[in-house]
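We did not get these values from a lab; they are worked out from the coordinates using the rules stated. All values reported here derive from a predicted model rather than from experimental measurement. Here the Cβ positions follow ideal geometry from the backbone for every residue, glycine too, while neighbour counts run over all protein chains shown.
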Amino acid sequence: MADPAVVSGSLNSRSGGSKAVAGPAENYVLARRRTLQVVVSSLLTENGYESAEKAAVESLTEMMQSYITEIGRCAKAYCEHTARITPTLPDVVVTLIEMGFNVDTLPVYAKRSQRMVITAPPITNAPVVAKALSTGQKRSHPSHIPSYFPEFPDPHTYIKTPTFREPVSEYQVVREKAASQRRDVERALTRFMAKTGETQSLFKDDLTTFPLIAPRPSTIPYLSALLPSELELQALEETDSSEQDDQTDSENNPNNIVSDDPGADKENSVLPSGGVVPTVKSSEENVIDNPYLRPVKKPKVRRKK
């Protein structure tokens with residue numbers, strides 16, 4: 001009888017040899033496939049065959065691989081059905097019985113005299129598995145829980161792990177960050193004003209490149225030097241509001257209440273020529289047209305005494 005290794009070698013020589021595979025996973029698949037081919041060749045040799053065609057060996061190898069895969073799948077299903085992660089011998093036995101195999105014939109078949117021993121395949125390095133996130137100490141099973149039950153999840157799944165960073169307090173870093181934020185704000189405001197108002201360009205052909213905010217000439221240039229500044233106006237408004245509050249408080253005093261004369265005619269009040277009440281006009285008509293850039297008016301707050 002021919003050696004199963006010779007039969008497998010002849011099959012490989014007929015097929016021209018297998019191509020080299022770069023991936024580790026594909027290498028493992030190819031190694032398992034070769035092992036199954038050696039097993040099929042040994043079974044053929046035990047049954048009196050001296051040679052076999054490649055198509056026949058491939059068909060038998062595929063049938064054996066499908067049979068073993070089905071056994072493993074069913075054993076895993078029975079194992080998970082009982083809340084375990086590792087299949088045991090009873091799971092395999094139940095699987096073989098479910099698939100219609102006579103389990104009692106296994107010991108006799110294992111002790112047959114003409115069986116051939118196949119050397120174990122060479123041990124290869126297992127692929128490196130990426131390390132999971134490890135935080136805290138992993139818990140083990142208590143004494144009342146069997147070891148074949150699933151392990152406890154990693155501690156990071158139920159332990160609080162803060163991920164915030166400590167605030168930066170270095171002087172140089174804080175100053176650089178403030179300067180960059182100020183530069184970004186100024187740049188954003190400049191772009192906003194350029195998009196919402198009139199602009200001028202350095203190039204006549206391309207108006208969108210390097211837009212410049214167009215200056216607005218004042219109708220009366222010297223008026224800004226004569227008028228008070230915004231701070232002075234704000235101070236005057238605050239003083240006027242405080243004086244008005246004092247005046248209203250004094251008028252609301254019961255000692256200073258004066259009854260109006262019912263015979264007095266309010267319609268005969270003195271009005272200027274034209275019959276229109278004068279309104280306060282701004283010093284400059286078009287100070288800021290953009291509503292988003294107008295100065296903020298501080299609300300008048302009545303001071304309590």
When the Karplus curve 6.51 cos²θ - 1.76 cosθ + 1.60 is applied with θ = phi - 60°, which whole-Hz ³J(HN,Hα) does each residue of the range 101-110 get, with x for Gly and Pro? 9, 7, 6, 5, 7, 5, x, 5, 5, 6
Two pseudo-spin positions, 7 Å from Cα along C-beta at Asp206 and at Ala179, lie apart in nanometres by 3.0
Taking H placed 1.01 Å from N in the peptide plane, check which residues at least 5 places from Thr199 or on another chain put their amide H under 5 Å from its amide H. Ala214
Please compute the length gained on full extension between Ile68 and Thr86, using 0.36 nm multiplied by the number of residues separating them and subtracting their Cα-Cα distance. 4.8 nm
Honestly the range 168-243 on the Cα gyration tensor test (a ≥ b ≥ c root eigenvalues; a/c under 1.5 rounded, otherwise a/b vs b/c for prolate or oblate) is just oblate
Here the FRET efficiency for Arg34 versus Arg139, based on Cβ atoms and R0 = 35 Å and rounded to 0.05, is 0.25
Would you order Glu151, Glu238 from fewest to most other beta-carbon atoms within 10 Å of each residue's own beta-carbon? Glu151, Glu238
Using Cβ counts within 10 Å as a stand-in for footprinting exposure, how do Lys195, Lys131 rank, fewest first? Lys131, Lys195
